Amino acid sequence: MPHPAAEGRTLSSLMRRFRAAGIHPQKKLGQNFLIDLNLHELLYRTAQIEPCDVVLEVGTGTGSLTSPMAAMAAEVITIELDPTLFALAGEQLHGLPNVVMLHADILKNKNRLNPEVLELIETHLAAAPDRQFKLVANLPYNVATPIISNLLMLDVPPKSMTITIQKELGDRIVARPRTKDYGALSIWVQSQCRVEIVRVMPPSVFWPRPKVDSAIVQIELDDARRGQIADRAYFHQFVRSMFFHRRKFLRSVLVSAVKDQLDKSEVDAILERLSLRPDSRAEELDVPAMLTLCEAVRTATGS
């Protein structure tokens, strides 16, 4: 008897189910299915799902990851945009009382999550006082960045995000200052979380095979780090503006970002007070330095 996690997860079984349903994976929806059972188990074991967890899964697929998570969690809210896959997963998940299936897009737009999804999460979190929120998903490549970014904008973000994503994106998330991958996303995530690449995965462990390597990435919320951000929305926009032209000098980028609020002499005064060279670049600033600069600018502009 196959383990529940294995049902529909081998290449042969996936292809058999897809042929029977007359469907094919859709590249435009970022559909790549993890077919290595050991990696599949590593994903949900890394998440350390507990009986008090409300788990969000983005991309139900055939429901094969959903089933083992439902056996461990209080509730699993699983979202699938593809109507055919949604129906296919419904066959496997039928009868699981703690699984909520939603045929929807996780994103309202690139800057906002779907309010219906957020309402569902809030409702299930409120059902018991000890409940906590986690994201566990083989994320569609084309929406991974806005999902991660927008979840961290929430007042109650996931306690952890255990996800498969493109390795390139994983490298950006964990990147250190003065490296080519370090940028706004690195700072945004690291300012609130501890991050780790758990495992790098070759294209051969997916069907269809993507053209790039992937990675299992663990992102764990750090309340102490998050508490140092005075205004998350302002900080998010500020960091993005600092990397609009990453090769320009910091002074030039900052002058442009606040041109309607501060003059050049006021920008120079902030940089001098923080001992930041005008010819430095945003990619040289670590997270604490960027937080300090942001707060200095926010205070000076009265934002």
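The values are calculated or read from the model by the stated rules, or taken from the named source; none is laboratory data. None of these values were measured; they are calculated from a predicted model. Reconstructed Cβ throughout: ideal geometry from the backbone, glycine too, with neighbour counts over all protein chains shown.
Structure data summary
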| read-out | value |
| --- | --- |
| Unique match (being touching a Ser or Thr at 6+ places or on another chain (Cβ under 6 Å), at negative phi and either surrounded by fewer than 17 Cβ atoms within 10 Å (Cβ to Cβ) or free of Cβ contacts under 8 Å to residues at least 40 places away in the same chain (or both)) among Ala71, Ala89, Ala104 | Ala89 |
| In segment 28-66, the residues that are more than 18 Å from Ile165 (Cβ to Cβ) and crowded, with 22+ Cβ neighbours inside 10 Å | Ile49, Asp53, Val54, Thr62, Gly63, Ser64, Thr66 |
| Condition check for Pro278: assigned to a helix (DSSP H, G or I), at negative phi and surrounded by fewer than 16 Cβ atoms within 10 Å (Cβ to Cβ) | no |
| Pair list, Cβ < 9 Å and 6+ apart or interchain, from segment 238-266 residues that are assigned by TED's automatic domain parsing to the domain that holds Arg277 to residues that are modelled with pLDDT under 95 and among the acidic types (Asp, Glu) | Phe249/Asp279; Leu250/Asp279; Arg251/Asp279 |
| Set Glu266, Glu295: member being of a type in the set (Asp, Glu), under 31 Å from the mean Cα position of the chain (by Cα) and part of a helix (DSSP H, G or I) | Glu295 |
| One residue from Ile229, Ile216 being β-branched (Val, Ile, Thr) and touching a Lys or Arg at 6+ places or on another chain (Cβ under 6 Å) | Ile216 |
| Residues that are modelled with pLDDT under 95 and either not in a helix (DSSP H, G or I) or not assigned by TED's automatic domain parsing to the domain that holds Ile106 (or both), drawn from segment 142-155 | none |
| Boolean, Gln237 is outside any helix (DSSP H, G or I) and modelled with pLDDT of 95 or more | no |
| Test: residue in segment 65-75 that is under 29 Å from Lys211 (Cα atoms), modelled with pLDDT of 90 or more and of a type in the set (A, V, I, L, M) | yes |
| Residues of segment 190-220 satisfying the condition of being in contact with a strand residue (DSSP E or B) (Cβ under 6 Å, 6 or more places away or on another chain) and within 30 Å of Gly302 (Cβ to Cβ) | Cys193 |
| Some residue of segment 134-144 being more than 28 Å from Leu37 (Cβ to Cβ) and surrounded by 14 or more Cβ atoms within 10 Å (Cβ to Cβ) | no |
| Count of residues meeting criterion [under 24 Å from Val200 (Cβ atoms), at pLDDT below 95 and out of contact with any strand residue (DSSP E or B) (no Cβ under 7 Å at 6 or more places or on another chain)] in segment 46-64 | 1 |
| Test: residue in segment 21-32 that is under 21 Å from Leu85 (Cα atoms) and modelled with pLDDT of 90 or more | no |
| Subset of segment 45-69 [over 19 Å from the mean Cα position of the chain (by Cα), assigned to a loop (DSSP other than H, G, I, E, B) and not hydrophobic (A, V, I, L, M, F, W, C)] | Glu50, Pro51, Thr62, Gly63, Ser64 |
| Segment 199-224 - residue that is touching a Cys at 6+ places or on another chain (Cβ under 8 Å) and in contact (Cβ under 8 Å) with a residue 60 or more places away in the chain and, of those, surrounded by the most Cβ atoms within 10 Å (Cβ to Cβ) | Ile219 |
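Each row is one residue, and each column tells you yes or no for (1) farther than 30 Å from Ile35 by Cβ; (2) assigned to a helix (DSSP H, G or I); (3) in contact (Cβ under 8 Å) with a residue 40 or more places away in the chain.
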site	(1), (2), (3)
Leu120	no, yes, yes
Thr123	yes, yes, no
Asp130	yes, no, yes
Ile165	no, no, yes
